[in-house]
Amino acid sequence: MSDLPGGANVVVIGAGIVGNGLVWHLAELGWKDIVQIDKGPLPNPGGSTGHASNFIFPVDHNKEMAALTLDSQAQYEEMGVQVTPGGIEVARTPARLEELARRMTSAKSWGIDSRLVSPAEVSELVPFLDDSVILGGWYTPSVSVVDSLQAGTIMRERAQAKEALTVASNTEVLDVEVAADRVVAVVTDKGRIETDHVVVACGVWSPRIAHMAGVTIPLVPAVHQMIDVGPLPELQATGNEIGFPIVRDMDTFMYERQTAGSMEVGSYAHRPIFHRPDDIPSLDESLLSPTELPLTMDDFDPQLADAIELMPFLGEAEMRYGINGLLSLTPDAMPLLGETEVRGLWSAAAVWIKEGPGIAKMIAEWMTDGYPEIDPHSSDIARFYPYQRTDKHVRDRCSEHFNKTYGIVHPREQWETSRLARVGPFYPRSVELGAVFFEAGGWERPHWYEANAHLVEKYGVEDRPHEWDARWWSPIQNAEHLAMRDGVGMVDVTAFAIFDFTGPGVVDYIDTMAVNQCDVAVGRAVYTPLLTHDGGFKSDLTIMRLGRHHYRVVTGGFDGGRDSHWFKINLPDDGSVHMEDKTSAITTVGVWGPNARDLVSRVTEDDIGHEAFPYGTVKFVTIGEIPAMMFRISYVGDLGWEIYTDMEHGLKLWDTLWEAGQDLGVTAVGAGVYGTTGRLEKGYRLMGAELESEYTPVEAGLARPKVKSADFIGKAAYLAARASEPEAIMCTLTMEDHTSAAGIKRFPTGGNEPILTLDGERIVDSQGRVSRVTSAGAGPSVGKFLLLGYLPPSHAVEGTELQIMYMNELYPVKVAVAGSTPLFDPQDSRMKQ
Amino acid sequence: MRILVCIKRVPAPGARIVVEPDGQTIDTANLGFTISPHEECAVEAAVQLVEQHGGNVTVMTLGPEGAEEQLRHAVSVGATDAILIPAGERDWDPQATARALTDAIGDAESDGAFDLILFGNESADSGGYQVGVRVSRALGRPMVNGIKGIEIGKGVVTLRRETDGGSELYELPLPAVVGVKEGITLPRYPTLRGRLASKKADVRTFEAGEQPGGQSMVALANPPEQVKQTVMLTDAAAAVDVMEELGLL
């Protein structure tokens, strides 16, 4: 007999922390007829939630993860399933001490109380720790431990109390049916359920379930080893589940966490051990549970000595239990959330206990309102391009970052594995010029060129004295910047994602998507925000009108996946608009600098003078023998064009331009200029940094004087934002003194450093949003180090003196620009002459 | 005193064992391995005897390379040294196993006989009940099986075997062979230091040629699944009905 209903508004597959949170939050938001399915029994169906360590360190360098973790802690607290023993990360190395200072900085950003502690203070907090092996620690009193299974039960029962939920445990999903790219039903061993919405919240099994619908969830089930050591009288004496702070021994990639009378010792130091979702044993084939596999002790052995060294009393205690626990890893170590390429099929995968309820709430909001309150761009599953969803890519990247779980990861750090997957036509020339490649959406993109090293001396660019500040950076970037401003630079911008839209309904469709008026003359281009339904940034990009019924959208390589998905899900159902991804067909080179027109005019017969080719317009031209499209625009603040051509013509186009520019001082210029120095001098905002769904175009200084009459996504919210005073204003700040307490010049990386008052207080706007550095970098032409960040109107006043915290030290900064006026060439005369 | 414990690497019990389609092997991809429970107790009993009387404990196994894991586990809980008789991935039959063990014991006893040789009562996987008996016979030493108590006397060992009505006591002259039964004592877990020490232990290898015995495996098969049916009784009246049906009332 089956009690499964034949239909549901939504089917949530999985009864771990995410699935349970989701049914509650959906019910809270008014959803009825929710069906939750799990193959296993309740309350512990055998997934990763069942064996989780359940502790939460709230500080994260990533803003989205920190916000989700704090929200989750609040939810666990409200449910009464959280205790707060505190936690300490200890440092054995000087590099780690610096990382702890960086963590202090992030804690300040997110308003989390924490402090650096001496070895003696650490052993005062944790008396069984040998403080002679550490250099110091970082203590966070709000580190907590939760009962995630109990939380799951509570959340399910709350949904049931609202008569919104049917729970089907011991029920196996056999198929997820799709018709016309929409999910239509879930087939189980106990019956078929018709539904328009399915959420895959199956943890390590998520790829298997999604595959039934033809969807790839790029996740690998990976082993995290832990052993239980005890009994230990010192711990038994506490008489409770956890009385001592949790210790993360960061340099050995281990943690020690009391569980009643024994100590759980966990490790991220062992070799990456991966499984495949289809090969995970069933419940009855498992000794403990499907995700608690037998401990491969040889992998843990090397960590034993480290554990004993830090806590000598562990040496004589017995190992009573140990597992190879399975958890979910993704290529970039972020969750996989949001609607998939199959409409109505949502992913809620690769979520850990610490952020589970917060993510559940986020997805429930997303499903209900079209977009969540917390910006999800860094965990949106749509961020992955097809090659990034292949098994090899997922495994290579996960292998690379597994041992960085407790590692020190630089904000600019580049991947070593899975490189050369997207290579543009200029690549051979870039190699010849000694390009140092950074990855942009999988593309190999020159960040600077070693061939330009001689320019460092020419322009007198100083190096950065601190290794951390100089890591993944070169003074050549600033030199390239100045060379471009003096002459002309060529920039490889092949990483652009490019979509063409055609068809009779295209004008209305594009107008619906974009804030700014796109029903413009053929040959005009429009830079415009795309908004969420709530009026926050979904994207910012350029839309060119190439024909009466033909638009071309150009967006960033980091944003192409998400933007493509957003355009697709909003396409009209009547087939009146056709979308084509041209990213792999078209390459782009930027030519910018005062000599740009001189250079290009040498290789084209077309009139590219200021009158014939005004700013913001597009022309089809011939360069040498190559058909190309030129777009007069600049992201770096100088005269010039983005020049597009078919991918196979790219190399010839580059060579033609390069040769023509030799006596004009043409310089290959990397993305260090394009994405940072040139951009920051002009105050241009970057999606994912300054532009997030939590901010509006009014706050970002990107609202145009007029609003078009046509309707568009987010219009009502946009009008409301325009009608009231902004609660935050994007500002450009200058760093007034770089000197640290040690007398070394420091250069912030732009990783969410808090902007503080002169009293050292955090600055929070009326919506609770904290002021922080969203981007940072040199402004070589203005002779200042520049920072971008939102400030409340009270502080967004030019000349206001403030401070920023960097690596736990304070540095004076000044508001140079409140709003979008560029610091360099405020009249844009260089670009528009 | 010198004690030898013969152990066997077996799949950790508790999970359903998946037999491969060819019926010759089992799927070991997600299986943990352990020492047969009787032997785990035998190791503990031997370690306790040595703690009481002095001496050392040698552990020996015949099995695949992976069986070194079980030997080291025994060292981590107190065994002194270990001998592996490599036998590949396939289980040897009891006769072949006993011959190889006997040869290996002979080699290990070149400088003197073990006072006691402990076996588990039977292995947890094949359950042949034969190897210990065959080895004791080959060595010409007395043996008693099913033992849940061992006491060392002067030149003798006193063994206790539980029966339905009470227990039987045996006194054997040393050297002797004992088939130990689970419950004789509670095996300890390894300490972290014990585990570290076991990593450094020298595991000696004794090469024994396989001399096939008279028993060969035809095929493996899972026993019929035991289906448990649970009926939820919602009130006392339903409970009464069931009891009447079962003739209990």
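Since every read-out is calculated from the coordinates, none of them should be taken as a lab result. None of the values given here were measured: they were computed from a predicted structure. Ideal geometry is used to build each Cβ from the backbone, glycine not excepted, and the neighbour counts take in all protein chains shown.
Summary of values
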{"read-out": "Ratio Rg/Rh [Cα only; Rh per Kirkwood] for region B:24-155", "value": "0.94"}
{"read-out": "Reachable lysines, given that their alpha-carbon falls under 22 Å from the alpha-carbon of A:Lys392 and they are not under 8 places away in the same chain", "value": "A:Lys404"}
{"read-out": "Degrees, to the nearest 10: A:148-161 long Cα axis against longest axis of chain A", "value": "80"}
{"read-out": "The protein assembly as shown: calculated mean residue ellipticity at 222 nm from DSSP helix runs of at least 4, using -39500 (n - 2.57)", "value": "-7000 deg cm²/dmol"}
{"read-out": "Cα-projected label distance for B:Leu246 with A:Arg548, points at 7 Å along beta-carbon direction, nm", "value": "8.5"}
{"read-out": "Lys pairs, region B:2-224 - Cα-Cα below 26 angstrom, 8 or more residues apart or on other chains", "value": "6"}
{"read-out": "Residues B:Asp235 and A:Asp189, FRET efficiency given R0 of 25 Å [Cβ-Cβ distance, rounded to 0.05]", "value": "0.25"}
{"read-out": "Region A:570-677: GluC sites (Glu not before Pro) falling in loop per DSSP and having at most 10 other Cβ within 10 Å", "value": "A:Glu605, A:Glu611, A:Glu625"}
{"read-out": "Exposure proxy ranking, count of Cβ atoms within 10 Å, fewest first, for B:Asp91, B:Asp164", "value": "B:Asp164, B:Asp91"}
{"read-out": "Amide H contacts of A:Arg772 (H built 1.01 Å from N, under 5 Å, at least 5 apart or other chain)", "value": "A:Ile755, A:Tyr790"}
{"read-out": "Within region B:15-54, backbone nitrogen closer than 20 Å to the virtual label 7 Å beyond the Cα of B:Arg188 toward Cβ", "value": "B:35-54"}
{"read-out": "Distance violations [Cα-Cα > 28 Å] among A:Lys39/A:Lys162; A:Lys354/B:Lys228; A:Lys538/A:Lys582; A:Lys582/A:Lys652; A:Lys63/A:Lys682; A:Lys63/A:Lys162", "value": "A:Lys354/B:Lys228; A:Lys63/A:Lys162"}
{"read-out": "Distance from region A:19-58 to region A:537-602 (C-alpha centre basis), Å", "value": "40"}
{"read-out": "Inter-chain shielding of B:63-74 (mean C-beta neighbours from other protein chains, 10 Å cut-off)", "value": "1"}
{"read-out": "Under Karplus coefficients 6.51, -1.76 and 1.60, residue-wise ³J(HN,Hα) of region A:524-539 in Hz, glycine/proline x", "value": "8, 10, 10, 8, 8, x, 10, 10, 7, 4, 8, x, x, 6, 9, 6"}
{"read-out": "Spatial extent of chain A: Rg and Dmax, with the Cα atoms as the point set, Å", "value": "27.5, 87"}
{"read-out": "Sorted by Cβ neighbour density within 10 Å, fewest at the top, the residues B:Ser167, B:Ser110, A:Ser430", "value": "B:Ser110, B:Ser167, A:Ser430"}
{"read-out": "Residue-averaged beta-carbon neighbours from other chains (10 angstrom radius) around B:186-195", "value": "6"}
{"read-out": "Stokes-Einstein diffusion coefficient of region A:687-833, Kirkwood radius over Cα pairs, 10 °C, 1.306 mPa s, in µm²/s", "value": "98"}
{"read-out": "For region A:629-641, 3J(HN,Hα) per residue [Karplus equation, 6.51 cos²θ - 1.76 cosθ + 1.60, θ = phi - 60°, Hz, x = Gly/Pro]", "value": "10, 10, 10, 7, 7, 7, 9, 10, x, 9, 3, x, 9"}
{"read-out": "In order through region A:816-831: 3J(HN,Hα) via Karplus (6.51 cos²θ - 1.76 cosθ + 1.60), integer Hz, x for Gly, Pro", "value": "8, 9, 9, x, 9, 5, x, 6, 9, 6, x, 8, 6, 5, 5, 7"}
{"read-out": "Likely footprinting exposure, A:Tyr811, A:Tyr527, fewest C-beta neighbours within 10 Å first", "value": "A:Tyr527, A:Tyr811"}
{"read-out": "Loop-resident sites, region A:462-560, for trypsin sites (Lys or Arg not before Pro), counting at most 14 other Cβ within 10 Å (DSSP)", "value": "A:Arg471, A:Arg548"}
{"read-out": "For region A:497-581: rounded, prolate or oblate by the Cα gyration tensor [a/c cutoff 1.5]", "value": "rounded"}
{"read-out": "Values of log10 I(q)/I(0), in the order q = 0.12, 0.18 Å⁻¹, for region B:2-224 under a Debye, Cα-only, solvent-free model", "value": "-0.62, -1.40"}
{"read-out": "In region B:1-91, the GluC sites (Glu not before Pro) that fall in loop regions by DSSP, at most 15 other Cβ within 10 Å", "value": "B:Glu89"}
{"read-out": "Distant-in-sequence amide H partners of B:Gly179 (H built 1.01 Å from N, under 5 Å)", "value": "B:Phe119, B:Val144, B:Asn145, B:Gly146, B:Ile147"}
{"read-out": "Reach of A:Lys458 by Cα under 15 Å, taken over aspartates and glutamates that are not fewer than 8 positions away in the same chain", "value": "A:Glu450, A:Glu480, A:Asp486"}
